[in-house]
1. Taking the simple approach of a point 7 Å from Cα along Cα-to-Cβ for both R204 and N233, what is their distance in nm?
2. Cα axis of helix 2-22 to longest principal axis of the chain: angle in degrees, 0 to 90, nearest 10?
3. Could you list D79, D188, D47 so that the one with the fewest beta carbons within 10 Å of its beta carbon is first and the one with the most is last?
4. Would you be so kind as to identify which of A238, G180, F195 lies farthest towards the positive end of the dipole of segment 171-260, taking Lys and Arg as +1 and Asp and Glu as -1 on Cβ and the Cα centre as origin?
5. Any chance you could run the full-extension gain for D74 through S242? It's 0.36 nm times the residue separation minus the Cα-Cα distance, nm to one decimal.
6. Say each of N197 and E27 gets a label point 7 Å from the Cα, pointing the same way as Cα to Cβ; how far apart are those two points in nm?
7. ³J(HN,Hα) across segment 120-125 via Karplus (A = 6.51, B = -1.76, C = 1.60, θ = phi - 60°), whole Hz, x for Gly/Pro?
8. According to the square roots a ≥ b ≥ c of the eigenvalues of the Cα gyration tensor, what is the shape class of segment 122-213, taking rounded for a/c under 1.5, prolate for a/b larger than b/c otherwise, and oblate for the remainder?
Amino acid sequence: MRKLLFVLLLMLAFGVVVGCSSGEDEERPIIVMGTSADFPPFEFIADGGEGRHGQYSGLDVAIAVRIAEALGADLIIHDAAFEGLIMDLQGGSIDFIAAAMTIRPDRMESVNFSIPYFAAVQYMVVAMDNESITTAADLDGRYVAVQGGTTGYFFAMDETDADVLPFIRASEAFAALLGGRVDAVVIDSAVAQRFVNANPNDLRIIRDNYAFGDENYGIAVRFGEYDLLDTINEVIAAMQASGELAELYYYYTEGAGAPE
Ligand code: GLN
């Protein structure tokens, strides 16, 4: 019995060694996407756990899958706090950030961005029965929940006299609003729309086109990673030209059965 086990173990070991040395997979590089998967329709954990890549879904995930295909690489998704993603990139634990990240001059001091792939603006989300907030100036003196390190956070901190509560995850900011602990959430338009659509009786959107500037999302890489950046730009341009990006956005926002 022991002998049989020994032989089996030997075969297993041999099999593993053969498996490693003969497979073509050996040469396949790995590419790691950094994201914060709490930001539908751009990145989220799929209902039922069957997403576009593993359990992850969304527009950024779909773009990352195409980037990995273009590189002939296996994609790994690193799901972390949005606020730490640039440090994760600089530290080398991820290769690019695809996280609905707005191209901002301050961030361009730390990373290189791709061509823009999505236009956004900040929205305020309030409780349905809140009549007191109609413009961004009304946030003064209120409790405002945001996701830490985001453009919503910078706006609330720098442009208002609100009591700002930064959360690690966007979903936590909305939970605070639904729980009545804050007066408003300031967050990216498409994401605000998704959460309001999910809570149509409890939440509504307030826009203030005068207060909030236009934003564009880009994919970030480390300085000097020009080959990777070229590939990412080619993938984005191709997805824009073919209409795939617009089609995916429609699927992920309308929830019309995303093509996972
Ligand atoms: N677009 C916003 C920013 O870049 C929010 C991104 C996010 O929370 N994932 O700050």
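Derivation of every value follows stated rules applied to the coordinates shown; laboratory data play no part. Since the structure is predicted, the reported quantities are computational estimates derived from the model, not experimental observations. Note that each Cβ is placed from the backbone with ideal geometry, even for glycine, and that neighbours are counted across all protein chains shown.
1. Modelled inter-label distance: 4.5 nm.
2. Approximately 70 degrees, to the nearest ten.
3. On the way: D79 15, D188 24, D47 10.
Lowest to highest Cβ neighbour count: D47, D79, D188.
4. G180
5. Working: separation 168, 0.36 × 168 = 60.48 nm, distance 2.36 nm.
Here the answer is 58.1 nm.
6. The two pseudo-label positions are separated by 4.3 nm.
7. 9, 8, 7, 10, 9, 10
8. Details: a/c = 1.30, a/b = 1.17, b/c = 1.11.
Note, shape of segment 122-213 comes out rounded.
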